[in-house]
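Report on the structure given below.
The values are calculated or read from the model by the stated rules, or taken from the named source; none is laboratory data. Worth saying up front: this structure is predicted, and the values here are computed from it rather than measured. Glycine gets a Cβ as well: all are built from the backbone with ideal geometry, and neighbour counts include every protein chain shown.
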Amino acid sequence: MIITANYHYVEGTFNKKILDAVRQEYGTYKHVKYQNANITVKFNINFIPEKNEAAVNKYDGKNGENRLANVTTKDDGRGVKFEESDFQQVGVDLNKLKTTPALAYNEEGNFTVELPDKEKDKREISTIIHGIGHNLGLIHADGDAMNDQHTKVTPAGNDIFGKKAYTAKALQNDVSHSNAQSLVDRVDDMSSSGYQSNGESNYWQNKTETTTGGQVSIEATGVTTITKE
Ligand SMILES: [Zn+2]
């Protein structure tokens, strides 16, 4: 099964190295079960630079042609929100990703720790991975790629003033075997009540299925084709 989706973005807004890391994470084959058979799933995720916003805005999730946009997110009750994605676009707040320190607490209360640039990059990679998951039809309950982005703060001795020092790390969200299985399970059951039970959108509700020469293609919003092999 091949799950294909293209993401158009304004050239220069996103760092190619970060997008390559996202592609790499989606890039490995996953072995899953589909209708009692063992099959492999391949994600075919592509990033396509465009000259400007107008060129990017031509894409609206149809035929698997989506947008990757730098957006300004509004925090909700669950903490800092880095990402807002739907069936048309993956939206991430680059400014917040680059500036928000890690949160931690100890006996003395809450405090913040600056993330090194490398860790900020990792956080951005994770966030795009997560947003693509939404765009493809994964929900938070699917875990792994869909986990909230977390940072880990650990004590690192004392700083030069003799005060306790801390280091912050970003934890990466991985595209797991179980994420692939969740998507594949939905290929035949897009409208199951279980899928929609926690109030998240079902982007595959309006999928269309066509059979050409024995090959079945599913066209779902946000996904070009899911080719059943
Ligand atoms: Zn999410």
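In the list Gly61, Gly79, which residue meets the criterion of being within 13 Å of the ligand (Cβ to nearest atom), within 23 Å of Met146 (Cα to Cα) and not hydrophobic (A, V, I, L, M, F, W, C)? Going through Gly61, Gly79 in turn, the sole match is Gly79. On the stretch given as region 156-173, residues that are assigned to a loop (DSSP other than H, G, I, E, B) and either away from the ligand (no atom under 16 Å from the Cβ) or at pLDDT 95 or above (or both) total 5. Inclusion of Thr112 among residues that are part of a loop (DSSP other than H, G, I, E, B), surrounded by fewer than 18 Cβ atoms within 10 Å (Cβ to Cβ) and in contact with a strand residue (DSSP E or B) (Cβ under 8 Å, 6 or more places away or on another chain) is not warranted. Just to be sure I understand, how many residues within region 115-155 are in a helix (DSSP H, G or I) and more than 16 Å from the ligand (Cβ to nearest atom)? Looking only at that region, the number is 6.
The strands (runs of 3 or more DSSP E) located wholly in region 23-84 that include 3 or more residues which are over 19 Å from the mean Cα position of the chain (by Cα) occupy 30-34, 37-50. Among the residues of region 85-140, the one identified as within 17 Å of Gln172 (Cα to Cα), more than 11 Å from the chain's Cα centre (by Cα) and of a type in the set (Val, Ile, Thr) is Thr100.
Being touching a Gly at 6+ places or on another chain (Cβ under 7 Å), within 16 Å of the ligand (Cβ to nearest atom) and over 19 Å from Thr4 (Cα atoms) is the requirement here; does Val92 meet it? So Val92 fits the description; yes. Do we have Ile48 as touching a helix residue (DSSP H, G or I) at 6+ places or on another chain (Cβ under 8 Å) and of a type in the set (Val, Ile, Thr) here? It is false that Ile48 is touching a helix residue (DSSP H, G or I) at 6+ places or on another chain (Cβ under 8 Å) and of a type in the set (Val, Ile, Thr).
Contact map, region 58-78: first residue acidic (Asp, Glu), second residue surrounded by 13 or more Cβ atoms within 10 Å (Cβ to Cβ) and outside any loop (DSSP other than H, G, I, E, B), Cβ cut-off under 7 Å, separation 6 or more or different chains; pairs are Glu65/Asn6; Glu65/His8. Taking the criterion of being crowded, with 24+ Cβ neighbours inside 10 Å and at pLDDT 90 or above, the residues of region 129-144 that qualify are Ile129, His130, Gly131, Ile132, Gly133. Give the residues of region 10-65 that are surrounded by 13 or more Cβ atoms within 10 Å (Cβ to Cβ), of a type in the set (Lys, Arg) and within 17 Å of Gln89 (Cα to Cα), sorted by residue number. Scanning region 10-65 gives Arg23, Lys62.
Sort out which residues of region 145-155 are farther than 24 Å from Gly61 by Cα and either crowded, with 24+ Cβ neighbours inside 10 Å or of a type in the set (S, T, N, Q) (or both), and write them in order of number.
Result: Gln149, Thr151, Thr154.
So, in region 68-102, of the ones that are touching a strand residue (DSSP E or B) at 6+ places or on another chain (Cβ under 6 Å) and farther than 25 Å from Phe47 by Cα, which residue ends up surrounded by the fewest Cβ atoms within 10 Å (Cβ to Cβ)? The qualifying residue surrounded by the fewest Cβ atoms within 10 Å (Cβ to Cβ) is Pro101.
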